[in-house]
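**Student:** Right, I'll just put the structure down here and ask away after.
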Amino acid sequence: MPQFTRSCLILLLLVLCVGCDQISKDAAQQYLSSEPPRSWFHDTVRLEYAENTGGFLSLGSGFSEGLRVILFQVFPALWLVGLAIVLFVAKQMPSLSATAWSLVLSGGIGNLLDRVL
C-alpha cells in the first residue's frame, strides 16, 4: 500500500475513533451524570456515571496536581507523539500492526483530551 494512502487511512481511523470517544463521553455526561445508577439482570449489568482524576483504577488520584499533570498529561503526550511519528513514518510495519497501534493512539488521544480539556 502506498505510504500516502496508508497515512490517510490511519488519520481517518484516528479521527473516527477519537470522535466517537468524545461523543460517547459527552453523551454519558449529559444523560447519566445527574441520574442514579441503572442496573439490569440482578445488578449483573450496571450503568453508572463516574469520573476519575487518577489513572487506571484511580491510581494517582491522591497525587499533587503538578505530579498528576506530569504523569498523566506530559509523559503520555510525549509517548503519543512518538507513536504517531512511528506510525506515519514506518514503511515496513504490517497493516494489522499499524491498525492496532492506531487504535492505541486514538484511545490515548481521547484520554489525553479528557485530562487537558
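**Student:** Kindly indicate the residue of region 101-117 that is closer than 15 Å to residue 23 by Cβ and in contact with a Cys (Cβ under 8 Å, 6 or more places away or on another chain) and also surrounded by the fewest Cβ atoms within 10 Å (Cβ to Cβ) among those meeting that condition.
**Tutor:** Ranking the qualifying residues of region 101-117, first place goes to 107.
**Student:** I'd like the full set of residues that are surrounded by fewer than 10 Cβ atoms within 10 Å (Cβ to Cβ) and among the hydrophobic types (A, V, I, L, M, F, W, C), limited to region 82-100.
**Tutor:** 96 - this is the single residue of region 82-100 that is surrounded by fewer than 10 Cβ atoms within 10 Å (Cβ to Cβ) and among the hydrophobic types (A, V, I, L, M, F, W, C).
**Student:** Does residue 34 fit the bill of being out of contact with any Ser or Thr (no Cβ under 9 Å at 6 or more places or on another chain) and in a loop (DSSP other than H, G, I, E, B)?
**Tutor:** yes
Here is a yes/no grid of residues against (1) surrounded by 12 or more Cβ atoms within 10 Å (Cβ to Cβ); (2) in contact (Cβ under 8 Å) with a residue 12 or more places away in the chain; (3) part of a loop (DSSP other than H, G, I, E, B):
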position	(1), (2), (3)
6	yes, yes, no
18	yes, yes, no
28	yes, yes, no
46	no, no, no
49	yes, yes, yes
53	yes, yes, yes
62	no, no, yes
69	yes, no, no
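**Student:** Still on this model: Quick test for you: out of 87, 57, 96, 103, pick the one residue that is farther than 30 Å from residue 2 by Cα and out of contact with any Gly (no Cβ under 9 Å at 6 or more places or on another chain).
**Tutor:** Among 87, 57, 96, 103, only 57 is farther than 30 Å from residue 2 by Cα and out of contact with any Gly (no Cβ under 9 Å at 6 or more places or on another chain).
**Student:** Could I ask something else about it? Could you identify the single residue in 14, 32 that is at pLDDT 90 or above, surrounded by 14 or more Cβ atoms within 10 Å (Cβ to Cβ) and under 30 Å from residue 95 (Cα atoms)?
**Tutor:** 14
The values are calculated or read from the model by the stated rules, or taken from the named source; none is laboratory data. On a predicted model such as this, the values are computed, not experimentally measured, just so you know. Cβ sites come from the backbone with ideal geometry, for glycine too, and all protein chains shown count toward neighbours.
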